[in-house]
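The values are calculated or read from the model by the stated rules, or taken from the named source; none is laboratory data. Computed from a predicted structure; not experimentally measured. Cβ placement follows ideal geometry from the backbone for every residue including glycine, while neighbour counts extend to all protein chains displayed. Side chains are part of the model used for accessible areas, which takes the heavy atoms of the whole protein and leaves out ligands, DNA and RNA. Shrake-Rupley method; radii C 1.70, N 1.55, O 1.52, S 1.80 Å.
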Amino acid sequence: MAQDSRSGRSRAFIGSFTAAGGPGLVTAEVAPEGGALLLGTAVSEVPDPSYLVLAPDGATLYAVSETAEGAVAAYRVDGGRPEPAGPPVRVDGSGPTHLGLYAGHVLTANYGCGSVTAVPVRPDGSLAAKPSGRLQHTGSGPHDRRQRGPHAHQVQPDPSGRWAVSVDLGTDSVRICTLEDGVPAVHGEFALRPGSGPRHLAFHPDATHAYVVNELTPTVTVCRWDAEAGCLRPLVEVPVLPGAPAGDAYPSGIAVSPDGRFVWTATRGEDVLSILAVEGESLRLIGTVPCGGHWPRALAEHDGFLYAANERSGDVTWFAVDEATGLPRYEGSVSVTAASCIVFG
């Protein structure tokens, strides 16, 4: 966990869309009691740092620049104000929406063009001057407007660290990848229901199951994960809303409780957080609660609290989670214009 050396409190990092008036990358302290966020400095050298990931040692933070040109940047965050660790690196892909650290590289999921880019990480945590390789996804789906081509939306390592997992909304599939001489390569591609529009995936703590939140239908697909074989097997699809939405629902974020008993999702069109109980190899929808804002783009769990970055209301809300029921209880919020994600150590 990254900590503020002056206070000893744990730290959080919030991304936002500068094109919509956001402050860029914002630091915050986490109050030791109550989970409240105390906003600190903001830096805006990189436009639209919509998604962030922190290095395991807590010293370097990486941010995508979700622009048509597409870039990734590294920041030193082991002091006070985040400091750029070199210039942003173009990723040879448009609209990167997510990134992950894998095998000594930063991988970006480039939504606009449907690709994954690898950028080497130097020993000091800074980025190489250019990418080492790029994987172009191919395919489409039945949704006429949203699935005319591939749209890589998320990329992250699996819990074993052996594989990189790329979720593609446009092709209704999840690709399991490796790096070959710094170039992302597909080990296997696993299909989800046509038209589901997978957005993000979260692993269960047992590292044998994964949950995929689908954006084009308000559901979660429960999958079995085999790290030895690098194989993802869809099992069942479960709704995240108690009834049919009036229009497009736009599910977004997903998080799993540390004890593996609950899964939470965010749905932007309904402005709710959903609570699902893990029941063997399925999920059961318990209910929903208001997200405390408008357009919850991302979720994160930290130390018994659930945090939602609400893009259109421009705030981050937090909720105390009932250990027995998994139900979030609203506790407070801070204003961050065009908030897009929040990450902890």
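Assorted remarks:
- Accessible-area order (highest first, 1.4 angstrom probe) of the listed residues Asp48, Asp226: Asp226, Asp48
- For region 114-189, size of Cβ-based charge dipole, Lys and Arg +1, Asp and Glu -1, in debye: 220
- Three-way shape call for region 134-230 based on the alpha-carbon gyration tensor, with the a/c threshold at 1.5: oblate
- Accessible solvent surface per residue of the chain, calculated while the other protein chains remain in place, 1.4 angstrom probe, Å²: 37
- What you get for the chain, charging only the Cβ of Lys and Arg (+1) and of Asp and Glu (-1), is a dipole of about 500 debye around the Cα centre.
- Dimensions of region 70-179 based on its C-alpha atoms, expressed as ranges along the principal axes with the largest first, amount to 48, 28, 24 Å.
- Charge dipole of region 1-83 about the Cα centre (unit charges at C-beta), most positive-ward option of Tyr75, Val46, Ala28: Ala28
- For region 1-133, the fraction of alpha-carbon pairs in successive 10 Å shells from zero, as %: 14, 45, 31, 9, 1
- Cα gyration tensor shape of region 254-309, rounded if a/c is under 1.5, else prolate or oblate by comparing a/b with b/c: oblate
- Taking the charge dipole of region 257-328 about its Cα centre, with +1 at Lys and Arg Cβ atoms and -1 at Asp and Glu Cβ atoms, the residue from Gly292, Leu276, Gly260 reaching farthest to the positive side is Gly292.
- Computed with a 1.4 Å probe over protein heavy atoms only, the accessible area of Glu331 comes to about 80 Å².
- Cβ-based net charge around Tyr75, under 11 Å, with every Lys or Arg adding one and every Asp or Glu removing one: -1
- Region 64-122: Rg to Rh, with Rh as the Kirkwood radius over Cα pairs: 0.99
- Shape call, the chain: gyration tensor on alpha carbons, a/c limit 1.5: rounded
- Rg over Rh, two decimals, region 199-344 (C-alpha only, Kirkwood Rh): 0.96
- Magnitude of the charge dipole, region 123-240, Cβ model with Lys/Arg +1 and Asp/Glu -1, debye to 20: 360
- Restricting region 256-299 to GluC sites (Glu not before Pro) in coil, as DSSP defines it, with at most 14 other Cβ within 10 Å: Glu281
- With every protein chain in place, the chain: carbon and sulfur % of accessible area (1.4 Å): 50
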